[in-house]
1. Considering only the stretch B:96-125, state which residues are in a loop (DSSP other than H, G, I, E, B), away from chain A (no Cβ under 11 Å) and out of contact with any strand residue (DSSP E or B) (no Cβ under 6 Å at 6 or more places or on another chain).
2. In the stretch B:291-311, how many are in a helix (DSSP H, G or I) and either crowded, with 23+ Cβ neighbours inside 10 Å or within 7 Å of another protein chain (Cβ to nearest Cβ) (or both)?
3. Hey, residue A:316 hits all of (1) assigned to a strand (DSSP E or B); (2) more than 11 Å from every other protein chain (Cβ to nearest Cβ); (3) under 21 Å from the mean Cα position of the chain (by Cα) but one; which does it fall short on?
4. Anything in the stretch B:49-62 that is exposed (fewer than 14 other Cβ atoms within 10 Å of the Cβ) and in contact with a strand residue (DSSP E or B) (Cβ under 8 Å, 6 or more places away or on another chain)? List them, or say none.
5. Can you report the number of residues in the stretch B:247-261 which are surrounded by 19 or more Cβ atoms within 10 Å (Cβ to Cβ), outside any loop (DSSP other than H, G, I, E, B) and either within 10 Å of chain A (Cβ to nearest Cβ) or on the phi > 0 side of the Ramachandran plot (or both)?
6. Restrict the check to the stretch A:326-347 and report whether at least one residue is at pLDDT 95 or above, under 20 Å from residue A:178 (Cα atoms), more than 8 Å from every other protein chain (Cβ to nearest Cβ) and touching a strand residue (DSSP E or B) at 6+ places or on another chain (Cβ under 6 Å).
7. Could we say that residue A:132 is farther than 26 Å from residue A:256 by Cα and either at pLDDT 95 or above or surrounded by fewer than 24 Cβ atoms within 10 Å (Cβ to Cβ) (or both) here?
8. If I filter the stretch B:4-17 down to residues being at pLDDT 95 or above and surrounded by 15 or more Cβ atoms within 10 Å (Cβ to Cβ), which single residue comes out as farthest from residue B:142 (Cα to Cα)?
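The values are calculated or read from the model by the stated rules, or taken from the named source; none is laboratory data. For clarity, every value in this text was computed on a predicted model and none was experimentally measured. Note: ideal-geometry Cβ built from the backbone for every residue, glycine included; neighbour counts use all protein chains shown.
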């Protein structure tokens, strides 16, 4: 069935898509719209593999539209610009993250918090205002409104910059908003994966003290030696957790599976904040006493606005912050997804789209 | 540290077991030490925590328990180091009577978050004394934990401010509700805490909506308490229409209830403050927190400096509790009524006039 707007999709595109909830990806020819007045056509160079891609491919959130081309950690080069584009030029290296449009009129949009606009449009598996479904960055190019793209400074290596567009901003935003970024602050980061490891790097660059909280004792070496965390707690070790009670100003919890939060609340100082990033369907148990007795709070956070994403990229460039990545070919992506499901990646896969996608087109 | 003495006999009403039935009880208070103020108790508010404690709802009650932490009285004796009070002063004693006075929280005047906090009743002081509360004729308290009761604030209807008042005032300040006039506050539950929250919210220039399970209290909320609107949680259309309209929600309900609709009422970046102390965990839905950067925070009473500030604020704005004055001998039937939320909106015991004839 042709959706409204599809007749304006006239530029051929090529990527990898899943056709069903097996999540298995394979070559997919499709088309993108013509470049609008305020839009840019961007040749994709690299795309990070986010755990959300995996959740979505497998329809774990029950909202996936197939065929599904994931990818929202996109770094690319501008190849065409609409006549009203003012922020970018052809040849610019740019990044596109998790959203490619929003209502532009609500309070959130007006305050540069497009990520909280109730009508925000996701980069993939989102429905564009013309009714077409968006295809993401596991593809040769995308078309995006300049308002939703950020410039990548030339000092940032492109492949390792890609994960900043989702993982990076997801950690940067709550650290700033909840006042955890800076000398004298002690941040706990739960989970040392794609988000967690970048979070440690940002926190150290802010001058905060950082303790990683993980269920995997084996990650301690990387946490302390590669990412330079100040401490590492094994969450299942009651003695360690007990000894650290009441020591943290804030905790950013990157774990997406359901897990007990009472021990994490115990780690907080009075007035401490637990920020949850992983949205699980199953509600958590809230022991009201645990919040009341220390004036503690639990909040959520989701990525960040575009202006803040640019600020984050600039900060990363200034401080030499990049993701720790394993660059892979497009062909490897299904294996990568299997490994990601088991947490077997240090610490983000990034697909070398420019050099390995085209060759898969037979 | 002063010790208990037969010279300082006291009389109150205590619960002896988790039936929660209160009856006359003879005991003694410590002698008035150098830093102490002895207070002849005039009035004591009946807080829902008193009921939870005498029934051992939270599992840490040690009997016999004389409850009561909304105490207003007259200073009858002051120790030689006491500078802030003199005999004859009208004073208040609230929920806490001791803290370590050296930790970060104490140094920031937030004794209420001190890990070595000592509650007015059902607690033990460092010298081993079991502390008994305000359903009694007198109490002896360290001056740091005694408040000056402002002129213009009536002793009887001002008493509930010492717990209910500060319990809502403190989070309203801490969570930023008082910084800008015109912000929209939802008050969930219209009981002892809720009704004072409405009055304080209006005094801070906020738009206030009362959120309640039934429409019984609607005309009171609007006509007498000054709320701007009233929302019944079972009216799904009205709830839906109100989604995303509130900057803050103060949840005073301690019974089991769902937080999901309360989160729905909040705007993006909205804050839900949980004040009720339920017996069992509440369910915390995560999606609304993440998708709207919303927050749930707790709060417990307030520090001493802040409690004084609150009393002065209420005196200035003529904010008092709506009370039903009772005799000491009526306390058990009052507790039964409180359990059914049958009070508008706080019982206050006329201690001085009824404790000895009880």
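1. Filtering the stretch B:96-125 down to residues in a loop (DSSP other than H, G, I, E, B) leaves B:99-103, B:108-110, B:114-117, B:120-122, B:125.
When the remaining residues are screened for being away from chain A (no Cβ under 11 Å), the result is B:99-102, B:109, B:116, B:120-122, B:125.
Within the stretch B:96-125, B:99, B:100, B:101, B:102, B:109, B:116 meet the criteria.
2. Going through the stretch B:291-311, the residues in a helix (DSSP H, G or I) turn out to be B:291-292, B:304-311.
With the extra rule that they be either crowded, with 23+ Cβ neighbours inside 10 Å or within 7 Å of another protein chain (Cβ to nearest Cβ) (or both), the set shrinks to B:291-292, B:307, B:310-311.
Within the stretch B:291-311, residues that are in a helix (DSSP H, G or I) and either crowded, with 23+ Cβ neighbours inside 10 Å or within 7 Å of another protein chain (Cβ to nearest Cβ) (or both) number 5.
3. (1)
4. Going residue by residue through the stretch B:49-62, those that are exposed (fewer than 14 other Cβ atoms within 10 Å of the Cβ) are B:59-60, B:62.
Result: B:62, single match.
5. Residues that pass the stated criteria total 1.
6. Scanning the stretch A:326-347 turns up no residue that is at pLDDT 95 or above, under 20 Å from residue A:178 (Cα atoms), more than 8 Å from every other protein chain (Cβ to nearest Cβ) and touching a strand residue (DSSP E or B) at 6+ places or on another chain (Cβ under 6 Å).
7. The answer is yes for residue A:132.
8. B:15
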